[in-house]
Amino acid sequence: MEFTRTAGVLLHPTSLPGRYGIGDLGQTAVSFVDFLVESRQSLWQILPLGPTGYGDSPYQCFSAFAGNPLLISPDKLVEDGYLPATAVSDFPTLPPHRVDYGVVIPAKHRLFRRAFAHFQQNGRKPQRAAFQTFCDKNETWLDDFAFFMALKNHHSRQHGGVWNTWPQKIAHRQPKAMKKWADKLADEILYHKFLQFLFFEQWLWLRAYANERGVQIIGDAPIFVAFDSADVWANPGLFFLDKTGEPTIIAGVPPDYFSQTGQRWGNPLYRWQAMQADGYAWWRRRLAAIFHQVDIARLDHFRGFEAFWQIPADEPTAVVGQWVKAPGMDFLTKMKAAFGDLPIIAEDLGVITPEVEALRDAFGFPGMKILQFGFGGERNSSFLPHNFGRNSVVYTGTHDNETSTGWYQNASREEQDHVRRYIARDGHDIAWDMIRLAYASVSHMAVVPMQDLLKLGNEARMNFPGKASGYWQWRFTSEMLTQEIIWRLRELTELYGRLPPKGEG
C-alpha cells in the first residue's frame with residue numbers, strides 16, 4: 001500500500017533519557033511524542049520491541065511476540081499502584097549516555113520482583129481482572145514464553161541457559177516433564193506473565209497517546225527468530241534442527257557492503273513447506289501481534305521472503321552458502337487475504353534481484369532509500385534522490401550505519417566532493433544538509449535517526465553489523481533536544497510538504 005507524504009524520527013525507546021539506566025515507556029517517552037507533535041512529525045520509527053538476549057540486540061530476542069521488560073517504566077508502576085513510591089528511591093545511579101546492561105538488568109528486575117510481590121499481596125480487583133484477561137487473550141504465545149523464561153532462568157546456573165542444553169526431557173517438551181516443571185516453576189511462570197502484562201499495558205497506552213496526536217508508530221519485524229527463543233523451543237518442527245535441537249542450516253547474508261565475509265546471523269531457517277501446510281498459522285499469529293503493537297511494520301531482510309542465504313551451521317563465516325527460494329508470493333497473498341491491505345515497509349537493502357523487486361511491487365510495499373549509500377561510487381546510484389520513486393521511504397542512515405556526521409568525516413575526499421557538489425553546500429552542517437535532502441525528495445516518507453538531528457558523530461552509533469558486542473547502548477539526555485531543533489525540523493517539514501494529514505498533529 002502507498003502512504004501519504006509524511007516525516008518522522010528513528011529512535012528506539014532504550015535510547016530515551018531517564019534515571020533508570022535505560023529508556024523506558026514513562027514520561028520521557030510521552031515527552032518525545034510531544035516533541036514529534038511540536039515539530040510536526042507524523043512518524044516514530046522504533047527497532048524490535050522484544051526481550052533481548054545475547055549481545056543485547058533487539059534482532060536476537062527470546063520471543064517474536066513478547067515485549068522487553070527492561071522498557072517498563074518504574075515511575076509509571078508507582079503511578080499505577082504496582083509499586084510504593086519508596087521502592088524507586090534507592091535505585092542506583094547509572095550512566096546517562098549509554099545503557100550498561102550488566103547493571104540495568106538486575107537493578108530493574110529487583111524492582112519488578114517487588115512489583116510482583118506487591119501485586120500478589122495488594123493488587124486491586126480491576127488490576128487482577130485486567131491481568132487475567134491479558135493472560136487469556138495472549139495464551140497462544142504467552143504460556144510458552146513465560147514457561148521458557150522460567151526454565152531458562154532456572155537452568156542458566158547449571159547448564160548455560162540455552163534451551164537445548166537443558167535436561168533432554170524438558171528441552172524436547174515431553175509431556176511428563178512439562179507437567180513436572182510447570183508445577184515446580186509455577187510462581188516464576190506467573191512472574192514472567194506479569195511482566196508482559198505490565199509491558200503491554202504501558203506500551204499500548206503510549207501508542208494510543210501517540211495515535212491520538214497524529215503520530216503513527218513504525219515497528220520492525222525481523223524475518224528470522226533467534227535460536228535461543230521460545231519460538232524455536234515451542235515449535236521445533238518449523239525449523240531445520242537435528243535430533244539434539246541444534247540448527248543444521250542457518251541464516252545470514254553473503255559478503256556485501258558491510259562485511260567481506262558476509263554476516264553469519266546464526267538464526268535457524270524456517271521449514272517453509274511445513275509452514276505452508278497449515279496456511280502459515282505461526283506467521284498469521286506473529287503479524288497479528290505486530291499489528292497490535294504498531295501501525296506500520298518494517299519487514300527486515302525482505303529479500304528473504306523471495307530467496308534466503310542458506311549457510312551450513314558448521315561454517316564459521318557466511319562466505320559458503322547458497323540462495324534458496326522461499327514461497328514469498330504465496331505467503332504474502334495469504335497474509336493479505338487474512339489482514340487486508342498490509343501496512344508494510346520492505347527493507348530491500350543488500351543483494352536485491354529483479355525477483356525481489358517484483359515481489360515488493362506486487363503488493364505495493366515501499367522500499368528503503370539510504371542517502372549515505374548514494375555517494376562516492378556509482379554516479380547514478382539508485383540511492384540518489386533524483387532516481388527515487390514516490391513509493392519509498394528515505395533515510396539519511398539507519399541503526400546499522402554511521403551517523404551522518406561520522407560518515408562524512410570518514411568519507412574519502414572524492415566522496416566528500418561528490419556530496420558537496422550534489423547538495424550545493426560546503427559540508428559544515430552535513431547532518432542537517434542530509435536531512436534537508438531527505439525531506440526535499442519525492443519519497444512519500446522521510447525518516448531521520450535521532451543522532452542526525454543532534455549532529456552527533458560515531459560515538460553515538462547504534463550498531464555495527466557483524467560485531468557481536470558493545471552496541472545498542474546509545475542514549476541521549478533531555479537537554480540535548482533543544483527548541484532550535486524543533487524549529488528547524490518544523491521548518492523543513494512545512495517547506496517540503498510533509499505536514500501531518502489534515503486534522504492530525
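The values are calculated or read from the model by the stated rules, or taken from the named source; none is laboratory data. Worth saying up front: this structure is predicted, and the values here are computed from it rather than measured. Methodologically, a virtual Cβ is constructed for each residue, glycine included, from the backbone with ideal geometry; neighbour enumeration extends over all protein chains shown.
Values as computed for the structure displayed
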| read-out | value |
| --- | --- |
| One residue from Tyr496, Tyr471 being surrounded by 16 or more Cβ atoms within 10 Å (Cβ to Cβ) and modelled with pLDDT under 95 | Tyr471 |
| Val253 being at pLDDT below 95 and more than 30 Å from Gln120 (Cβ to Cβ) | yes |
| Candidate set from region 414-468 (those that are aromatic (Phe, Trp, Tyr) and not in a loop (DSSP other than H, G, I, E, B)); member that is surrounded by the most Cβ atoms within 10 Å (Cβ to Cβ) | Tyr439 |
| Cross-chain or 6+ apart pairs with Cβ under 6 Å, region 443-461 first and under 22 Å from Gly497 (Cβ atoms) and of a type outside the set (Phe, Trp, Tyr), then at pLDDT below 95 and not in a helix (DSSP H, G or I) | His444/Phe3; Met445/Phe3 |
| Set Asp452, Asp433, Asp426: member being within 21 Å of the chain's Cα centre (by Cα) and among the acidic types (Asp, Glu) | Asp452 |
| Residue pairs meeting the criteria (Cβ under 7 Å; at least 6 apart or on separate chains; first under 16 Å from Gly50 (Cα atoms) and surrounded by fewer than 19 Cβ atoms within 10 Å (Cβ to Cβ), in region 292-307; second among the β-branched types (Val, Ile, Thr) and modelled with pLDDT of 95 or more) | Asp300/Ile223 |
| Residue list for region 311-342, filter: under 23 Å from the mean Cα position of the chain (by Cα), in contact (Cβ under 8 Å) with a residue 60 or more places away in the chain and surrounded by fewer than 17 Cβ atoms within 10 Å (Cβ to Cβ) | Asp341 |
| Checking His192 against (1) under 21 Å from Leu47 (Cβ atoms); (2) more than 17 Å from the chain's Cα centre (by Cα); (3) buried (at least 21 other Cβ atoms within 10 Å of the Cβ), the condition it does not meet | (1) |
| Any hit, region 382-394, residues being free of Cβ contacts under 8 Å to residues at least 60 places away in the same chain, in a loop (DSSP other than H, G, I, E, B), under 23 Å from Asn463 (Cβ atoms) and of a type in the set (Ser, Thr, Tyr) | no |
| Checking Pro106 against (1) surrounded by 14 or more Cβ atoms within 10 Å (Cβ to Cβ); (2) over 15 Å from Pro17 (Cβ atoms); (3) within 27 Å of the chain's Cα centre (by Cα), the condition it does not meet | (1) |
| Residues located in region 17-37, provided they are part of a loop (DSSP other than H, G, I, E, B) and in contact with a Gly (Cβ under 9 Å, 6 or more places away or on another chain) | Pro17, Gly18, Tyr20, Asp24, Gly26 |
| Single unsatisfied condition, Arg40 versus (1) in a loop (DSSP other than H, G, I, E, B); (2) on the phi < 0 side of the Ramachandran plot | (2) |
| Criterion violated by Gln260 - all others in (1) touching a Pro at 6+ places or on another chain (Cβ under 8 Å); (2) without any contact (Cβ under 8 Å) to a residue 40 or more places away in the chain; (3) of a type in the set (S, T, N, Q) satisfied | (1) |
| Boolean, Gly50 is modelled with pLDDT under 95, under 27 Å from the mean Cα position of the chain (by Cα) and either within 20 Å of Ile290 (Cβ to Cβ) or assigned to a helix (DSSP H, G or I) (or both) | no |
| Odd one out for Lys502, checked against (1) farther than 22 Å from Ser392 by Cβ; (2) modelled with pLDDT of 95 or more | (2) |
